[in-house]
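Any read-out appearing in this document is the output of simple, stated calculations on the displayed coordinates, not a laboratory observation. Remember, predicted model here, so these are calculated numbers, not experimental data. Quick reminder, even Gly has a Cβ in these numbers, built from the backbone with ideal geometry, and neighbours come from all protein chains shown.
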Amino acid sequence: MANIFINQDLCIKCNTCATVCVTRIIEKATVLAFPEVLESNVEKCIKCGHCEAFCAQKALTLNFLPREKVLFAPREGQIASEDLAIYIKKRRSIRHFSSKPVNKELIDGMLDVARYAASGGNGQPVKWLVVYDTDSVKKIAELTIEWMRSIQHTAHPLAAYVSVILSQWDSGLEPICRNAPHLLFAHIPYQEKWYDPSEAVIAMTHVDIAAPSFGVGTCWAGFVQLAVAGYKPLRDFLDLPQGRVVACSMMFGYPVYKVTSIPRRNPVEVIWK
Ligand SMILES: Cc1cc2nc3c(=O)[nH]c(=O)nc-3n(C[C@H](O)[C@H](O)[C@H](O)COP(=O)(O)O)c2cc1C
C-alpha cells in the first residue's frame, strides 16, 4: 500500500520530502515521476510526518491518520522569541490549588499537545493515567506517606529526608500532592533490560509548559514518583495495565496565586568547543 499521496497538481518536484525523510525511503522525483515510497520500503516508515510537515506546496499527505493532518498559514502559530521566553520563564511549580475540578476538555487539550512530543524513532510509547477523583489523589498521598514511614528508620538514602516530610504531614500539612485536585501519571512499556523514562519526561514537560496557557497550574510529584517505584500497595492502587510502568507524575489544578514576576536562576554554564 502506498505510504504517501502526492497531489500532482501541487507538487513541484523540489524533493524536500525525500531530503527530510529520516529513514530515506522516499524516491526522489524525476522528470517523469513524482516522489514515491517503494512497496519494499513501506514498513520502514516511522510515520514522523516530516515529509508532509516540510512540504512547502502542501502537496503530500502521509497515509496515516490523513484526516488529522493540520495545515496552517506560513506564520500561523509563530511566537516571537521574546514572548516565548517570557512565557516559559513564567512557568512555576504551583503548590496551592483551588478545589475546583479542571474541566475534562481542558485536560484532553493539554494531553493533545503532548502527543507531539519527541520520541525515539517516533515510537510514541507514552500513555497517561489521569487520577481525576480528588479522593483518589488523597489516597495516593496517604500511600506515599505510608511508604515514607516504612523507610524512615532504615538505611534507605532518603530516610532522613522523609522524616521532615512526615513531620509536616503529622502537623496537618499536605506536602505530597499539596491538596491538588488531580494527578497525572505518564506510563511507558516495562522493559526488562533497561529503564529509560526520557520520552515520558519529555511528554510530561509538554504538559507542564502547555498548562498555563490553559489556565492550569502544575507541579512535578517527585515524592509520589519515588513511592510508586518503591511501594507495591501504591502501584496496586494505580492498577496500570499489564506491562506498563509509571515514569513520572504531576499534580495539577487551578492555581490560587498568579505569577507576577520571574525569579532569579543561576547563570547559564556552558562549554563551547
Ligand atoms: C523531578 C521533579 C520532582 C519534583 N517533585 C516535587 C514534589 O514532590 N513536590 C513539590 O512541591 N515540588 C516538586 N518539584 C518542583 C521543584 O521543587 C521546583 O521545580 C523547583 O523548586 C523550582 O521551582 P519552579 O519549578 O517554580 O521553577 C519537583 C520538580 C522536579 C523537576
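Could you work out the relative contact order of the stretch 4-68, using alpha carbon pairs under 8 angstrom and six or more residues apart, expressed as a whole percent? Each step should come with its number before you reach the end.
Details: 91 pairs, mean separation 27.0, N = 65.
Worked out over the stretch 4-68, it gives 41 percent.
If amide hydrogens are placed 1.01 Å from N in the peptide plane, which non-local residues have theirs closer than 5 Å to the one on Glu36?
Sorted by chain and number, the residues that satisfy this are Glu27.
Report the residue, chosen from Lys193, Lys127, Lys28, that carries the largest GNM mean-square fluctuation when the chain is represented by alpha-carbon nodes joined by springs under 10 Å.
Fluctuation is largest for Lys193.
Which distance in Å, rounded to a whole number, links the C-alpha centroids of the stretch 3-31 and the stretch 99-150?
If we compute the Cα centre of each part, the gap is 39 Å.
Could you work out which residue, out of Val131, Val70, Val113, moves most in a Gaussian network model of the chain, that is, has the largest mean-square fluctuation with Cα springs under 10 Å?
Highest fluctuation of the listed residues: Val70.
Quick test of your reading: applying the under-4.7 Å Cβ rule, which cysteines of the chain are isolated?
Cys11, Cys14, Cys21, Cys45, Cys48, Cys55, Cys177, Cys219, Cys248 - these cysteines have no disulfide-compatible partner (Cβ-Cβ under 4.7 Å) in the chain.
For each pair in Lys90/Lys258; Lys13/Lys44; Lys47/Lys69; Lys13/Lys69, compute the distance between the two Cα atoms and list the pairs where it is over 18 Å. If you can, show how the numbers build up before the last one.
Working: Lys90/Lys258 10 Å; Lys13/Lys44 22 Å; Lys47/Lys69 12 Å; Lys13/Lys69 21 Å.
Listed pairs above 18 Å: Lys13/Lys44; Lys13/Lys69.
Select from Phe223, Phe185, Phe214 the residue whose mean-square fluctuation is largest in a Gaussian network model of the chain (Cα-Cα springs shorter than 10 Å).
Phe214
Once phi is turned into θ = phi - 60°, what whole-Hz ³J(HN,Hα) does the Karplus curve with 6.51, -1.76 and 1.60 give for every residue of the stretch 259-268, x standing for Gly and Pro?
7, 10, 7, 9, x, 6, 9, 4, x, 5
What's the local net charge at Thr61, with K and R +1, D and E -1, over the other residues with C-beta under 12 Å away? Please list the in-between numbers first.
Values: positive: Lys58, Arg67, Lys69; negative: Glu52, Glu68.
Cβ neighbours under 12 Å give a net charge of +1.
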